[in-house]
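Engineer: Sharing a structure below in C-alpha cells format, with a few things to ask.
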Amino acid sequence: MSTVTTPNGFSLDTSGQRVVIDPVTRIEGHMRCEVNIDSDNIIRNAVSTGTMWRGLEVILKGRDPRDAWAFTQRICGVCTGTHALTSVRAVEDALKIEIPDNANSIRNIMQLSLQIHDHLVHFYHLHALDWVNPVNALKADPKATSELQMKVSPSHAKSSPGYFRDVQTRIRKFVESGQLGPFKNGYWTNPAYLLPPEADLMAVTHYLEALDFQKEIMTVRTIFGGKDTHPNWLVGGVPCAINMDGAGAPINMERLNYVRSICERTKKFIKDVYIPDLIAIGGFYKHWLYGGGISNQSVLSYGDIPDRANDYSPANLMMPRGAIINGKLEEVHEVDLRDPNEIQEFVPHSWYSYPDEAKGLHPWDGLTEPNFELGANFKGTKTNIKELDESAKYSWIKAPRWKGHAMEVGPLARYIIGYSQGHEVITEQVNGLLKTLDVPVDALFSTLGRTAARALESEWCADMQLYFLDKLINNIKNGDTATANTQSFDPSTWPSEVKGVGFTEAPRGALGHWIRIKDTKIENYQCIVPTTWNGSPRDNQGNIGAFEAALLNTKVERAEEPVEILRNLHSFDPCLACSTH
Amino acid sequence: MSTKITAHKEEAHYIYEAPVRLWHWVNAFAIVALCITGYLIGKPFPSVQGEASDHYIMGYVRWIHFASAYILMVGFAGRVYWAFVGNKHARQIFLPPIHKLGFWQGVVHELLWYAFIVPEPKKYEGHNPLAALIMYFVFLWGMVFMILTGLALYGEGTGMDSWQFDYFSSWIIPLFGQSQDVHTWHRLVMWILICFAITHIYAALREDIMSRQSLIGTMISGWRTFKDSRKDD
Amino acid sequence: MHETFYEVMRRQGITRRSFLKYCSLAAAALGLGPSFAPKIAHAMETKPRIPVLWLHGLECTCCSESFIRSAHPLAKDVILSMISLDYDDTIMAAAGDQAEAIIQETIEKYDGNFILAVEGNPPLNEDGMYCIINGKPFVEQLKHTAEHAKAIISWGSCASWGCVQAARPNPTRATPVHKVPGLANKPIIKVPGCPPISEVMTAVITYILTFEKLPALDSQGRPKMFYSQRIHDKCYRRPHFDAGQFVEEFDDEGARKGYCLYKVGCKGPTTYNACASTRWNGGLSFPIQAGHPCIGCSEDGFWDKGSFYERLSNVHGFGIEADADEIGGTAAAVVGGAAAIHAAASTVKRIAQKGDDA
Ligand code: HEM
Ligand code: HEM
Ligand code: NFV
Ligand code: SF4
Ligand code: SF4
Ligand code: F3S
Ligand SMILES: [Mg+2]
C-alpha cells in the first residue's frame, strides 16, 4: 500500500512519478523539494527539506546574552532585525528589564519597516515571476498598458505610454542580447502563465520600480540602527539617543523628518503600486486556488507591536495573537510560550538527535545535536542524493508543534486569526478585497490568500509606522527623551540563573527565542522560527507541515517545469537560513 | 647556619659602564610611563564635559605613550649597540650561556637560595644566572615583542603608506589575526613586564640587603663591591 | 554580440547627459576625482556585459540584501546593464535542474571569462552536507565553478573570513573561500563586512568592469580603496576621543552629545572598513552615527573577541575566558603577593639569624 493518511488528515500516495526540485530558488537559503505526481499531474505526496545548517544555537552557548541579538540577527539578512528584536526581548524578559516608551516606538517602527520591505521584495522579486511572464511583456501595447495602469491606480504618476514603451524597449534589448541573466531558463512558454501582455508589462515595470524603491523603505532603520541591512539593537532599549535641543545626538528634528518622509512615501507606494498590482494580478488568477494546506485548519500567531512599552499581553499587541486548531475558526486559543506542554520540537524526521525521539522538547530544554543520516530507502550516495527517504530523517529543519498540532504561521495566519477575532482593520481590509475580487471567504485559504494577506498587512504596517512616529514625537514633546534603561546592563548585577522568552511576528510568522542564562553567560539558546513551523518535516505522529500540505493536490501543467510547486512554496516566502539557523 | 659578615678586603669591579647605567634608568622610566599610559589607553579616565576642542586628554595620554615608546626604542637600539662595543657584562642579558651545565647549576642554586634551602648565595660579577635567564627570556623578548607589536599598532595610525605600516603592521596584524588581537597581546605582555618589574625590583632590594654583594649601588656607580672575601665553592 | 553599458543604457532610454552624470557619480563612489568620469564613460561605451555566477553557501543572504540597497549605481542597473547575472539562486527565475544547468552553460560558453561571486562559505564537516545543493555538497559547486572563473569575489565576512557560522566552536567547520582546500588558484577579492556596504559592493564590480582589472588589494586581499583605513581614522566622533569625552553608558549625557563610544566597546580603532567615510545607504548614516559602537563586522573573527560592549577583548584558552587586564592583573597581584610573602619570610629568617649570631 502506498497510500497513508496523516493524523492531520492528508493522504499521501507515493506511487506516482517522483519529481525533485533542488535547489528551490527565489527563496532565502537552500531548500529541496520532492513530490510524487500521479498520472493526472496531481501532486499526491510532498517532501520538503531544509538543506543547510549553521549551528547558531550551538555557537551561542557560553556567550554574553547582551551580544545574542547580533548573532541571531545573522540567522537571516532578509528578515534582518526581527531576530535581533526577539533576542533583546528574550534577554529583557529573563533579566526583568523594562524599556523606555521611546525605545518601544522606535523598535516598532523598525519592525514595521521590515514587514513592509520584506513583503514588497517578496511580492515583486521572489514571487512575481511565478505569475508574471517578462518575455510575454514584449508583446504588450504600451498605450494599452498605460490605460491599464491608469485604471488600476489613477494616482500613480508613472503611467504614460512613453514610460512603458521605454521599459519595454529596455526589456526587449535585454532579451535580444541573449544574455537573459536572472530570467534565463525560466518557464516562459508554460501555459500556467495567465496574464495578458499588458499586465505582464505593467508588473515587470513595477518589478523594476519596486527594486529601486525597496532601498528607501529600510532607511528608517539606517536612521535608528545605523545601517541597513543588519542594523544595531540594544538590550534595555535602543542605541540611538535623542536630543532635540543640542548638537550631536543620533536623533534630532532632521532625522525625524527624514523618517516621516520615508514612511509617507512608503505608504504611498503600497497604495499606488503594491495593492493595485495585487488586485490586478490576483484578478487573473483568482480561480487558481491551490495551496491552502493547513491554513484552514491550524494557524498560529504570537502577536506583536506592543502599543505601550513592556506590555506583551494580547490586548496590548496590535498584531493579532492566538491559535486556531481543528479548523474551528470561531475559536481562538491563547498561546503560552512558557508552558512546557504547548510548544515543543520533534526530530524523528530531522537531522538531529534526542535521547528519546518519541518525545518533543520545550525550547527551554531544547537540544541541538546534529545527526546527518539518510534512511534505508534513499537513492544515490551520501554526497549525491537522488531521492530522499521521508520515512527516516530528511531535513535540517526541526518539527515544532503546538499542543501536538502542525501549525501554519505568517501573514495569512495573522489575518485569519485577526479576522476571527474581529480585528477592525483586518476585517475591513479582508472584506474589501474579497468584494473587489469577487471571491468567497474560502479563497483566503490558498496560495493567493497568503500573497494577498502580505499586501494587506503591508498597508496596515505603513499606517502603524506613522502612528508610532507620532507617538514618539508626542512623547518627546512631553519631555521624555529616554531611549535606554541601563540599570541592569552590567552583568555583575544579574541573578545567577534566569530564563526568558522573547517573541515577535516576523514577516514570515511567529518567531520565538528562548534563553537560559547562568552566571552571566548563555547556558541554552533555542529559536523556533516561522519557516521552522511552515517548512517542518513530519513529526513523531506523521503529521505533515504547512509546506508539504500546501503542495498536495495541486495540479501541475508540466512536471518538468514546476512553476506551480514554486508558486505554492513561494507563497510562504520560505526562509531556509531562518528555518534551520 | 652562619653567614657571618666579616671584615674583608677585596677589589671592587667595574661592571656596568655609563651607557648601560644611563640606559637602565631611562628605560625603567620609559617603561613605567608606557605602562601607565598604556593602561589608560585601554581604560581611559572618566569623561570630561565641555567642548571637545578644549580638551586633549586621550591625545596627551597617547602622545606620552608614543614619546616614551620612541625613547624606549632608541634606548634599546643603543643598548644593543653597546652590547657589541661595551664590556663583557654588556652582553650578558643578550647571551645567557644556556648551553653550559654550570650555568644551569647556578640557576638551581639561586632558586634554592630563594627557597631558603641553601643558606648562602654565590657571588657574581655580573647578573646571577637566574637573573640573567629572566632578563633574557622575559625582559629582552618582552621588549622585542612590545616594540614589534607597538610599531604594528602605530603603523595603523600612520597609515598604509608609512614605513611603520609597511615594515610592521602589514605582516604583524594578520599574523595575530586582526588588530584587536594585537592590542590584546600588547596589553597582556605589558602585564608580563609588570610582573618582571615587580620581581626585579624586589630582588634588587632584597639582594642588596641579603646577598654578599652590592646591587643598587652598582646600577648607579657601575662598581660591584662584595661584602666578604670568601670564595664560592 | 556583446553590448556595451552605454548601448544598453541608451536603449533603456537613459540620455547621454544622465549617462555622463552617472559616470561622474561612479567616479566619486570609487573615490576618484572628476577627471576620471570621462574614462569611465569611455570604458562603458566600449565594453560588453560580463557573466557573473553568484553562489550562496552557508550565509544569511544579507550580503545580497545589501547589494540591492545600492544607491549609485542602482542594483537594477548593475543587473540589467553592467553584468549578466546568470546564476543567483535568490532571484533567478529557474529552479532545480534548469537552474543548475546554467552553471554548466556558462562554464562552456565563458570558460575563464566570468566572475564568480561567493556569498557565504562552505562547511567541510559531514562531507559538506551541512550545505546541500542539488543533492550534493555546496563545496563541490564552489570548487567546480572556481576552476573556470576569471576571478572570485568573496562577498562579506562569511566568504572572506568565515563569519558567524565559523564562530567558536564552528560546528560545521565553515571555511572561508580562500582557505578551502583544493580550491582553484584564482585571484580572490575579499569584500568583508557583515554585510559589506552596498555602494562598496557595486563599486568593486564597477571598478573591475571600468578599468578591466582587479582593484589594488592590501596584503590581505581587500580593495585598498575601501579597506585601507580604520573606522576610527575617519570617525566624526574622533575629536571626542582625543578630548577624553566618552559615552559611559547608553543614553547618558555623553550619548546625547555624541561623545565617543570607545568605552561602550567601540571597535572602530581596530576595524578596517569604509563606514566612517562612505557611510551606509547612500551616505545616510553608519552604526556610530546612530549611537551604537562599531562591532568590527568586517574583521576576521570579530565574533570571538568577547562582548561587543567591552573595550578589551577576551583571550581564550586553557579553559579560561578573560580580558588582558583580568589575566595580567591577577598575575601581577600573585607576583606582588608572592614577593611580599617572600619579603616577610626573608625578614623572619634574617631576624632568626641575627638571634643565632647573638
Ligand atoms: C614596555 C613597553 C610598552 C608597554 C607596557 C605598552 C603598553 C601598552 C598598552 C597597555 C596599550 C593599550 C592596549 C589596549 O588596551 O588596546 C598600548 C597601546 C599602544 N602602544 Fe604600547 N606599550 C609599550 C610599548 C610600545 C611601543 C614600543 C610602541 C611603539 C610605537 C607602542 C605603541 C602603542 C600603540 C600605537 C598603542 C595603541 C594606541 C591606541 O590604540 O590608541 N607601545 N601600549
Ligand atoms: C626602582 C627601580 C629599579 C631598581 C632599584 C633597579 C635595580 C637594578 C639593579 C640593581 C640592577 C643590576 C642587577 C645586577 O647587578 O644583577 C638592574 C639591572 C637591570 N634592570 Fe633594573 N631596577 C629598577 C627598575 C627596572 C625596571 C622598571 C626595569 C624594566 C622593566 C629594569 C630592567 C633592568 C634590566 C634589563 C637590567 C639588566 C641590565 C643589563 O644587564 O644590561 N629595572 N636593575
Ligand atoms: N522564517 C523566517 Fe525569518 C522571517 N520572517 C524569521 O524569523 O526570514 Ni529569514
Ligand atoms: S557576511 Fe554577514 S551579512 Fe553577509 S551573509 Fe554572512 S552573516 Fe550574512
Ligand atoms: S566612536 Fe569609535 S571609531 Fe569613533 S572615535 Fe570613538 S572609538 Fe573611534
Ligand atoms: S560594525 Fe560594521 S558596519 Fe561598519 S561601523 Fe563597524 S564595520
Ligand atoms: Mg531551533
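The values are calculated or read from the model by the stated rules, or taken from the named source; none is laboratory data. Remember, it's a predicted structure, so these values are computed and weren't measured experimentally. Note: ideal-geometry Cβ built from the backbone for every residue, glycine included; neighbour counts use all protein chains shown. The protein model used for the area step is the full one, side chains on, heavy atoms only, and it has no ligands, DNA or RNA in it. Shrake-Rupley method; radii C 1.70, N 1.55, O 1.52, S 1.80 Å.
Engineer: What list of ³J(HN,Hα) values in whole Hz, one per residue of region A:496-511 in order, does the Karplus curve 6.51 cos²θ - 1.76 cosθ + 1.60 (θ = phi - 60°) give from phi, with Gly and Pro shown as x?
Structural biologist: 6, 9, 9, 9, x, 9, x, 9, 9, 9, 6, x, 8, x, 5, 10
Engineer: Which cross-chain or sequence-distant (5 or more) residues have an amide H under 5 Å from the amide H of C:Ala117, H modelled 1.01 Å from N in plane?
Structural biologist: Hits under the 5 Å cutoff: C:Leu53, C:Trp54, C:Leu55, C:Ile153.
Engineer: With a 1.4 Å probe and all protein chains kept in place, how much accessible area does A:Lys143 have, in Å² rounded to the nearest 10?
Structural biologist: 110 Å²
Engineer: Let me ask something else. Determine ³J(HN,Hα), in whole Hz, for all residues of region C:267-280 in sequence, where each value follows from phi through the Karplus function 6.51 cos²θ - 1.76 cosθ + 1.60 and θ = phi - 60°; x replaces Gly and Pro.
Structural biologist: 9, x, x, 10, 10, 8, 6, 9, 4, 6, 9, 6, 6, 10
Engineer: Classify region A:467-581 as rounded, prolate or oblate, taking a ≥ b ≥ c as the square roots of the eigenvalues of its Cα gyration tensor: rounded when a/c is under 1.5, otherwise prolate if a/b is larger than b/c and oblate if not.
Structural biologist: Because a/c hits 1.5 or more and a/b fails to exceed b/c, region A:467-581 counts as oblate.
Engineer: List the chymotrypsin sites (Phe, Trp or Tyr not before Pro) within region B:105-136 that DSSP assigns to loop and that have no more than 12 neighbouring Cβ atoms inside 10 Å.
Structural biologist: For chymotrypsin sites (Phe, Trp or Tyr not before Pro) across region B:105-136 that sit outside H, G, I, E and B with at most 12 neighbouring Cβ atoms in 10 Å, the list reads B:Phe116.
Engineer: For Cα pairs less than 8 Å apart in space and 6+ apart in sequence, what is the mean separation divided by the residue count of chain B, i.e. the relative contact order in percent?
Structural biologist: Details: 236 pairs, mean separation 67.2, N = 233.
Relative contact order comes out at 29 percent.
Engineer: At 7 Å along Cα-to-Cβ for each site, give me the label-to-label distance between A:Ser313 and A:Glu369 in nm.
Structural biologist: Distance between the two pseudo-spin positions: 4.2 nm.
Engineer: Okay, next question. Give me the angle, in degrees from 0 to 90, between the Cα long axis of helix B:179-210 and the longest principal axis of the Cα atoms of chain B, rounded to the nearest 10.
Structural biologist: Rounded to the nearest ten degrees, it is 30.
Engineer: Once you average over the residues of A:375-384, how many Cβ atoms of partner chains fall within 10 Å of each Cβ?
Structural biologist: 3
Engineer: If you take the Cα atoms of region B:12-163, find Rg, then find the Kirkwood Rh from the mean of 1/r over all pairs, what is Rg/Rh? If you can, show how the numbers build up before the last one.
Structural biologist: Values: Rg = 20.1 Å, Rh = 18.3 Å.
Here the Rg-to-Rh quotient is 1.10.
Engineer: I need the peptides A:214-226, A:84-96 ranked by packing, meaning the mean over residues of other C-beta atoms within 10 angstrom, with the highest value on top.
Structural biologist: Packing order, densest peptide first, comes out as A:214-226, A:84-96.
Engineer: Right, next: Can you give the FRET efficiency for A:Ala376 and C:Ala184, using 1/(1 + (r/R0)^6), R0 = 25 Å, r = Cβ-Cβ distance, to the nearest 0.05?
Structural biologist: 0.10
Engineer: Quick one: if you stick a label point 7 Å off each Cα along the C-beta vector at A:Glu254 and B:His99, how many nm between them?
Structural biologist: Each label point is offset 7 Å from its Cα along the Cβ direction, giving 7.0 nm.
Engineer: Could you work out how far apart the two model spin labels at A:Asp519 and C:His144 are, taking each label as a point 7 Å from the Cα in the direction of the beta carbon, and quote it in nm?
Structural biologist: 4.9 nm
Engineer: While we're looking at this one, here's another question. Given a 1.4 angstrom probe, what's the average accessible area per residue across region C:144-241, in square angstrom?
Structural biologist: 31 Å²
Engineer: Here's another thing I want to ask about it. Net charge within 13 Å of A:Glu561 by Cβ-Cβ distance, Lys/Arg positive one each and Asp/Glu negative one each, not counting A:Glu561 itself? Kindly include the intermediate steps, with their values, before the conclusion.
Structural biologist: Values: positive: A:Arg558, A:Arg567; negative: A:Asp130, A:Glu557, A:Glu560, A:Glu564, C:Asp97.
With Lys, Arg at +1 and Asp, Glu at -1, the neighbours total -3.
Engineer: Please compute the length gained on full extension between B:Leu205 and B:Tyr60, using 0.36 nm multiplied by the number of residues separating them and subtracting their Cα-Cα distance.
Structural biologist: 48.9 nm
Engineer: Restricting to DSSP H runs of at least four residues, report the calculated mean residue ellipticity at 222 nm for the protein assembly as shown, -39500 (n - 2.57) per run over all residues, nearest 500 deg cm²/dmol. Walk me through the numbers before you get to the answer.
Structural biologist: Numbers: 38 runs with 482 residues, N = 1172.
Estimated from H runs of four or more residues: -13000 deg cm²/dmol.
Engineer: If I take every Cα pair under 8 Å that is 6 or more residues apart in chain C, average their sequence separation and divide by the length, what percent do I get for the relative contact order?
Structural biologist: About 13 percent, as a whole number.
Engineer: Still on this structure, I have one more. With springs only between Cα atoms under 10 Å apart, run a GNM on chain C and tell me which of C:Ala255, C:Ala184, C:Ala344 wobbles the most.
Structural biologist: Looking only at C:Ala255, C:Ala184, C:Ala344, the biggest GNM fluctuation is shown by C:Ala344.
Engineer: Taking each residue in B:53-59, count the Cβ atoms of any other chain within 10 Å of its Cβ, then average. What number comes out?
Structural biologist: Working: counts 3, 2, 6, 4, 5, 10, 5.
The shielding value for this peptide is 5.
Engineer: Okay, next question. Go ahead and set up a Gaussian network model of chain B, Cα springs under 10 Å, then flag whichever of B:Leu193, B:Leu151, B:Leu111 fluctuates most.
Structural biologist: B:Leu111
Engineer: Using the Cα gyration tensor of region A:402-539, with a ≥ b ≥ c the square roots of its eigenvalues, what is the shape: rounded (a/c below 1.5), prolate (a/b larger than b/c) or oblate (neither)? Provide the component values of the computation, followed by the final result.
Structural biologist: On the way: a/c = 3.69, a/b = 1.39, b/c = 2.66.
Verdict is oblate for region A:402-539.
Engineer: Can you give me the Cα centroid spacing of region C:236-286 and region A:271-310 in angstrom?
Structural biologist: One Cα centre to the other: 41 Å.
Engineer: What does the charge count around A:Lys403 come to, taking other residues whose C-beta lies under 11 Å from its C-beta (Lys +1, Arg +1, Asp -1, Glu -1)?
Structural biologist: That works out to -2.
Engineer: Related question: Using a Gaussian network for chain C with springs between C-alpha atoms less than 10 Å apart, which of these wobbles most: C:Ala332, C:Ala93, C:Ala159?
Structural biologist: C:Ala332
Engineer: Show the residues, 5+ positions off or on another chain, whose built amide H is closer than 5 Å to the amide H of C:Ser285.
Structural biologist: C:Trp280
Engineer: At a Förster radius of 56 Å, what calculated FRET efficiency corresponds to the Cβ-Cβ distance of A:Thr3 and C:Asp218, to the nearest 0.05?
Structural biologist: For R0 = 56 Å, the calculated efficiency reads 0.35.
Engineer: Same structure, new question: To the nearest 10 degrees, how steeply does helix C:16-29 sit against the main Cα axis of chain C, on a 0 to 90 scale?
Structural biologist: The angle comes out near 20 degrees.
Engineer: Could you give each residue of region A:382-387 its phi-based ³J(HN,Hα) in whole Hz, using Karplus coefficients 6.51, -1.76, 1.60 with θ = phi - 60°, and x for Gly or Pro?
Structural biologist: Once θ is set to phi - 60°, the couplings for region A:382-387 become 4, 9, 8, 7, 9, 9 Hz.
Engineer: With axes computed from alpha carbons, what is the tilt in degrees of helix B:18-42 against the longest principal axis of chain B, rounded to the nearest 10 within 0 to 90?
Structural biologist: Taking Cα atoms only, the helix is inclined about 40 degrees.
Engineer: Just the Cα atoms of the protein assembly as shown, one point each, no solvent: what log10 I(q)/I(0) does Debye give at q = 0.04, 0.07, 0.09 Å⁻¹?
Structural biologist: After summing over all Cα pairs, the log10 values are -0.26, -0.70, -1.06.
Engineer: Between B:Ala28 and B:Val85, take the C-beta separation as r, use R0 = 30 Å, and let me know the FRET efficiency to the nearest 0.05.
Structural biologist: 0.85
Engineer: While we're looking at this one, here's another question. Ignoring any ligand, DNA or RNA, what whole percent of the accessible area of chain A comes from carbon and sulfur when the probe is 1.4 angstrom?
Structural biologist: 51 percent
Engineer: Averaged across B:37-45, how many Cβ atoms of other chains sit within 10 Å of each residue's Cβ atom?
Structural biologist: Across B:37-45, the average partner-chain Cβ count within 10 Å equals 3.
Engineer: Please report the accessible area of C:Leu209 (heavy atoms, 1.4 Å probe, ligands and nucleic acids excluded) in Å², nearest 10.
Structural biologist: Only protein atoms counted, so the area is about 20 Å².
Engineer: Would you please give the residues with an amide H less than 5 Å from that of A:Glu523, counting only those at least 5 places away or on a separate chain, with H modeled from the backbone geometry?
Structural biologist: Residues meeting the criterion, in which the H sits 1.01 Å from N, are A:Gly62, A:Arg516, A:Ile517, A:Lys518.
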